[in-house]
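Written out below as structure tokens is the structure these notes cover.
The values are calculated or read from the model by the stated rules, or taken from the named source; none is laboratory data. All of these numbers come straight from a predicted model, not from anything done at the bench. All Cβ positions, glycine included, derive from the backbone under ideal geometry; neighbour counts span all protein chains shown.
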Amino acid sequence: MLKTCIFPAAGYGTRFLPATKALPKEMLPILTKPLIHYGVDEALEAGMDNMGFITGRGKRALEDYFDISYELEHQISGTKKEYLLSEIRTLINRCSFTFTRQNEMKGLGDAILKGKILVGDEAFGVVLADDLCINEEGVGVMGQMVKIFEKYRCTIVAVMEIEKDQVGNYGIISGNEVEENLIMVNSMIEKPSIEEAPSNLAIIGRYILTPDIFGILENTKAGKGGEIQLTDALLAQATNGMVLAYKFQGKRFDCGSLDGFVEATNYFYKKNV
């Protein structure tokens with residue numbers, strides 16, 4: 001039912017300069033796989049095999065990663081190293097990959113709007129690759145959200161509890177619980193002060209969006225930082241319809257920060273030794 005997952009990947013990744021001067025932050029590796037690979041794995045596990053990327057200048061490495069490298073394939077063909085390409089070969093064979101550009105950095109809402117051409121009139125997933133999520137107990141976060149979507153057929157955002165002093169870094173929601181770990185959203189604010197925050201439930205980089213979000217985004221005015229905020233459009237959806245927030249099962253690493261990136265690297269290293 002859900003076929004397409006969108007990956008906004010046009011940001012500059014300034015917190016990882018100078019590395020991201022030439023390398024997209026989504027290509028930063030956790031062990032031997034880049035962040036974007038983990039995100040695509042999660043989307044595919046959830047049943048989505050049409051991967052759409054919103055990129056920008058200097059992001060060509062993303063396209064190259066999800067393509068065949070004939071010279072490299074030739075060089076390691078028949079050697080002991082050939083197995084190292086097995087995972088990416090599987091993704092290339094099982095998924096389709098399409099790319100479009102966000103020419104100006106005008107926020108996540110604008111990036112999602114650029115994905116309209118890749119999605120059409122269908123609900124779709126969104127994965128922010130620098131939010132690396134894992135659930136060792138079962139289905140991944142996006143797969144969990146797909147099951148909820150199949151029941152409620154509305155927009156769903158993944159949320160987690162954070163410390164109060166961190167609310168200024170996230171979109172924050174509040175609402176009424178309709179099931180265990182599932183909240184009907186009635187308030188949402190982007191990067192509030194501690195005093196403004198309606199709760200400590202923060203939106204993280206996993207969404208399932210219904211296609212009416214595009215029309216709402218087209219009419220959403222720029223908010224904080226002169227950017228089109230996805231949270232503003234989601235609040236409009238919640239006011240006029242229904243948006244659910246899901247407290248997911250699993251662990252999330254903020255790989256957009258140095259601390260989170262190191263934490264994820266150590267976690268996966270210990271898991272694989």
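So, in the stretch 182-198, how many residues would count as being surrounded by fewer than 19 Cβ atoms within 10 Å (Cβ to Cβ) and either outside any strand (DSSP E or B) or at positive phi (or both)? Before the answer, list the steps.
Step one: of the stretch 182-198, the residues surrounded by fewer than 19 Cβ atoms within 10 Å (Cβ to Cβ) are 182, 184, 186-187, 191-196, 198.
Next, from what is left, pick out any that are either outside any strand (DSSP E or B) or at positive phi (or both): 191-196, 198.
Residues that pass the stated criteria total 7.
Summed over the stretch 100-137, residues that are more than 16 Å from Ile208 (Cβ to Cβ), in a loop (DSSP other than H, G, I, E, B) and either in contact with a helix residue (DSSP H, G or I) (Cβ under 8 Å, 6 or more places away or on another chain) or free of Cβ contacts under 8 Å to residues at least 40 places away in the same chain (or both) total 7.
Right, Met51: touching a Leu at 6+ places or on another chain (Cβ under 7 Å) and either within 22 Å of Leu85 (Cα to Cα) or at pLDDT 90 or above (or both) or not? It is false that Met51 is touching a Leu at 6+ places or on another chain (Cβ under 7 Å) and either within 22 Å of Leu85 (Cα to Cα) or at pLDDT 90 or above (or both).
Yes/no per residue for (1) among the charged types (D, E, K, R); (2) out of contact with any helix residue (DSSP H, G or I) (no Cβ under 6 Å at 6 or more places or on another chain); (3) buried (at least 23 other Cβ atoms within 10 Å of the Cβ); (4) at negative phi:
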position	(1), (2), (3), (4)
Lys3	yes, yes, no, yes
Lys21	yes, yes, no, yes
Glu26	yes, no, yes, yes
Pro29	no, yes, no, yes
His37	no, yes, no, yes
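Evaluating Asp165 against the criteria (1) more than 22 Å from Val127 (Cβ to Cβ); (2) modelled with pLDDT of 95 or more leaves one unmet condition, (2).
In this entry, Lys221 is excluded by the filter for residues that are surrounded by fewer than 22 Cβ atoms within 10 Å (Cβ to Cβ) and within 30 Å of Pro29 (Cβ to Cβ).
If you go through the stretch 80-89 and keep only what is without any contact (Cβ under 8 Å) to a residue 12 or more places away in the chain and either closer than 26 Å to Gly56 by Cα or of a type in the set (Asp, Glu) (or both), you end up with Glu82, Arg89. Listed here are the helices (runs of 4 or more DSSP H) enclosed by the stretch 1-77 that have at least 3 residues being closer than 27 Å to Gly138 by Cβ: 35-45.
Looking across the stretch 43-79, just one residue is within 15 Å of Asn93 (Cβ to Cβ) and more than 29 Å from the chain's Cα centre (by Cα), and that is Glu73.
Counting only residues that are surrounded by fewer than 16 Cβ atoms within 10 Å (Cβ to Cβ), of a type in the set (Ser, Thr, Tyr) and not in a loop (DSSP other than H, G, I, E, B), the stretch 226-266 holds 1 of them.
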